[in-house]
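Okay, structure first, notes after.
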Amino acid sequence: MTDRADGARRADALVIEAADLHKHYGSVQALRGLSLQVPPGSIHGFLGKNGAGKTTTIKVLLGMARPTSGRARVFGLPADAQESSVEIRRRTGFVSDDKDLYDYMTVAEIIRFTAAFFPQWRADLERTYARTFELPLDRKIRALSRGTRTKLALLLVLCRRAELLILDEPTSGLDPAVTEEVLQTLVGHVASEEMTVFFSSHQISEVDQIADRVTIIDRGRAVVSGSLDDLREQYRRVQLIFDGDAPDATFRAPGVVRVRRSGRILTVLSSAGAERILDEARALNPVSSDVVPVTLKEIFLESVAAED
Amino acid sequence: MLWYKSWLETRWRFLIGLGLLSIAACGAVFDYPTVLKLMPLANNIETTIDTSTKIGRLVKQAAALQATYRGFIWWQWVRQNLVGIWTVFAVLLGSGGLIAASGSGGGGALFTLSLPASRTRVIGVRAVTALGELLVLVVVPSLLIPLLSPAIGQSYSIVDAFVHALCIFVAGAAFFSLAFLLSTVFSDLWRPLLITGAIACVLALLEGALALQSIQIGIFRVMSGESYFRGTGLPWLGLLASAAVSAALLNAAARNIARQDF
């Protein structure tokens, strides 16, 4: 096989791949057949309500929790094998939801501590981010504000030349100014380095702002997945208004996510082929019909609601 | 750098233990002149205590042992102070760790688990660091005895100090290992500490009760190196058995950590 073909195969390989992932904690089913694919070079938002299984998925990917069944691979390596898990973590930066760090260390100590694990540590970036984030190097971590703690956690993952960043609710609990600073830093860094970002959030606006791909998870299963552009292109809301009460209609066209009736209005959310739905709807004789694009927020809310 | 992290996590327990044991060692040496002055009273112990009973015989034995400086150091320092205080710090240094860190905010368990280091390595470094500290905790105060003894006109063998220190370390590591294993089961600092402390107390009481029946077995007897003190050699069987128990407990702790979800 030629070098070029090798390179192409590597480029095509998925950074994260999970198939039919199940995770039970006693009687609680945290993951129920989750499948996930994250291609290299993407900023992949992982959207879900609280308790949807986002953190469990991340823990499985990083070898912190073992799946009950199913398969999870990162960089093509099995996430549940101890040796490959160490290799995965060597190439990955992780920021936990509560920005878990050693409270008893100072900022300078934890930077020195973390750098020792990564031979390719970027000392130049460390200085840049320490200055940009105005990190107090001599202060104990327990004395840092949540915002500063988040910035420190970010510095620790950005300077290690990671190929993959896994961020669990990176902006939770931050004020809008710090949230913006964190997101901009992330986007700026990814633009200048070759890396993949996989971040969980329940903040739709920030996924909309920085992600190019998204997976929506609900009750341990992926309910929507794809590039944001494709989702925006494919998802449509078909709105039909009738003279009297809207009929209790069913549609045979593929891609119907949800049908709602409210008085004279019938709304159909479609993930593909809105025109075919519209053709079917015309047979119902609505007084007016409209096909309108939908926002990520609507896709999220409708996908999650459709599962209820 | 995991060594550095383990050191930061345990340093205060270690330093407090080192301070306490060093003070106790100094106290033992500089108490001896006072004990010497009381020796005439000990020689007439039959007039105040009924030595025909088992307890009376033990008291007489203890008083007789302290007639020599070597006997006094073994009885007061090794058998009582060093074994007792060191065991407390063995349990303290064995408690805590990865699970306790995951239970308390700011413990950094997830941060540790996200580093490119296996759980076995993380827990191994923690165990070796604490065992190293426990070795220092027993050796350094023990060496103070031969170093300070000339100050009161006495001498004490460095070899004896080392042998007793190593007996305490090898046999007493079982208490550390038990607390260490329990720390991989419970998510708080207190249960491993209290359970191991309770087991140590029960063993001590049991050993005392057996001694009254002239049955000479028990971990604290091995720790104090009594057979070596009495000239009948090292308690090899007890040392080997304790070392084997410690190794088994540490192995169980490593396996327990490796299979856990965080």
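Derivation of every value follows stated rules applied to the coordinates shown; laboratory data play no part. Not measured: the values here are computed from a predicted model. Counting neighbours? That spans all protein chains shown, and the Cβs are built from the backbone with ideal geometry, glycine included.
Treating the beta-carbon of each Lys and Arg as +1 and of each Asp and Glu as -1, no other charges, what is the dipole magnitude of segment A:235-307 about its Cα centre, to the nearest 20 debye?
On the way: 10 positive and 10 negative charges, 20 e Å.
Roughly 100 debye for segment A:235-307.
Would you calculate, for the protein assembly as shown, the mean residue ellipticity at 222 nm contributed by helices, counting each DSSP H stretch of 4 or more residues as -39,500 (n - 2.57) and dividing by all residues, to the nearest 500?
Working: 24 runs with 307 residues, N = 570.
Taken over the protein assembly as shown, the calculation gives -17000 deg cm²/dmol.
At a 10 angstrom cut-off on C-beta neighbours, averaged per residue, how do the peptides A:217-229, A:286-298, A:146-158, B:239-251 rank from highest to lowest?
A:146-158, A:217-229, B:239-251, A:286-298
With no solvent and one equal point scatterer placed on each C-alpha of segment A:161-308, evaluate the Debye formula and give log10 I(q)/I(0) for q = 0.15, 0.16, 0.18 Å⁻¹, two decimals.
Summing over Cα pairs of segment A:161-308 leads to -0.82, -0.89, -1.02.
When the expected Rg is taken as 2.2 N^0.38 Å, what fraction or multiple of it is the alpha-carbon Rg of chain A? Before the final figure, lay out the partial values.
Numbers: Rg = 22.4 Å, N = 308, 2.2 N^0.38 = 19.4 Å.
Normalised Rg, Cα atoms only: 1.15.
Size of the dipole of chain B about the Cα centre, Lys and Arg at +1 and Asp and Glu at -1 on the beta carbon, nothing else charged, in debye to 20?
Numbers: 17 positive and 10 negative charges, 68 e Å.
Magnitude of the dipole: close to 320 debye.
Once you sort the root eigenvalues of the Cα gyration tensor of segment B:129-225 as a ≥ b ≥ c, which label holds: rounded (a/c under 1.5), prolate (a/b larger than b/c) or oblate (the other case)?
oblate
What does a probe at A:Arg232 reach in segment A:203-221, counting residues whose amide N is under 14 Å from the point 7 Å along Cα→Cβ?
A:205-214
Let me see the pair-distance distribution of the protein assembly as shown: every alpha carbon pair, 20 Å bin width, integer percents in order.
That works out to 17, 37, 25, 14, 6, 1, in percent per bin.
Given springs between every Cα pair under 10 Å in a Gaussian network model of chain B, which of B:Gly56, B:Gly208, B:Gly124 has the largest fluctuation?
Looking only at B:Gly56, B:Gly208, B:Gly124, the largest GNM fluctuation is found for B:Gly56.
Rounded to the nearest 20 Debye, what is the dipole magnitude of the protein assembly as shown about its Cα centre when Lys and Arg each give +1 and Asp and Glu each give -1 at the C-beta?
So the magnitude is around 1600 debye.
Mind running the shape call on segment B:182-250? Use the C-alpha gyration tensor, a ≥ b ≥ c as the square roots of the eigenvalues: rounded below 1.5 for a/c, prolate if a/b tops b/c, oblate otherwise. Show your work: numbers first, answer last.
On the way: a/c = 3.31, a/b = 1.68, b/c = 1.98.
The shape class here is oblate.
Among B:Leu15, B:Leu144, B:Leu38, which one moves the most in a GNM of chain B with springs linking Cα atoms closer than 10 Å?
Maximum among the listed residues: B:Leu38.
Filter the GluC sites (Glu not before Pro) in segment A:140-219 down to the DSSP loop ones having no more than 13 other Cβ atoms within 10 Å, then list what survives.
In loop regions of segment A:140-219 (DSSP not H, G, I, E or B), the sparsely surrounded GluC sites (Glu not before Pro) are A:Glu194.
May I ask you to derive the FRET efficiency for B:Ile152 and A:Glu134 from their Cβ-Cβ distance with R0 = 35 Å, giving the value to the nearest 0.05?
FRET efficiency, B:Ile152 to A:Glu134: 0.05.
How well do other chains shield peptide A:59-71, expressed as the mean number of their Cβ atoms within 10 Å of each residue Cβ?
2
May I ask for the distance between the Cα centers of segment A:21-44 and segment A:136-178, given as a whole number of Å?
Their Cα centres are 25 Å away from one another.
List the residues, sorted by chain then number, that are 5 or more residues from A:Gly33 or on another chain and whose placed amide H is less than 5 Å from its amide H.
The answer is A:Leu21, A:His22, A:Lys23.
What does the extension gain come out to for B:Leu237 and B:Asn44, with contour length at 0.36 nm per residue minus their alpha carbon separation?
Result: 65.7 nm gained on full extension.
Report D for segment A:235-307 in µm² per second (integer): Stokes-Einstein, Kirkwood Rh on Cα pairs, 20 °C, 1.002 mPa s.
Numbers: Rh = 12.1 Å.
This corresponds to a translational diffusion coefficient of 176 µm²/s.
In sequence order, what are the phi-derived ³J(HN,Hα) couplings for segment B:119-130 according to the Karplus relation 6.51 cos²θ - 1.76 cosθ + 1.60 with θ = phi - 60°, rounded to whole Hz, with x for glycine and proline?
Residue by residue, segment B:119-130 yields 4, 4, 5, 4, 6, x, 4, 4, 5, 5, 4, 5 Hz.
Would you mind checking the radius of gyration and Dmax of chain B based on alpha-carbon positions, in Å?
20.5, 70
Scan around A:Ile43 for amide H atoms under 5 Å from its own, H built in the peptide plane at 1.01 Å from N, and keep only partners 5 or more places away or cross-chain.
When sequence neighbours closer than 5 places are left aside, the close amide H contacts are A:Val197, A:Asp212, A:Arg213.
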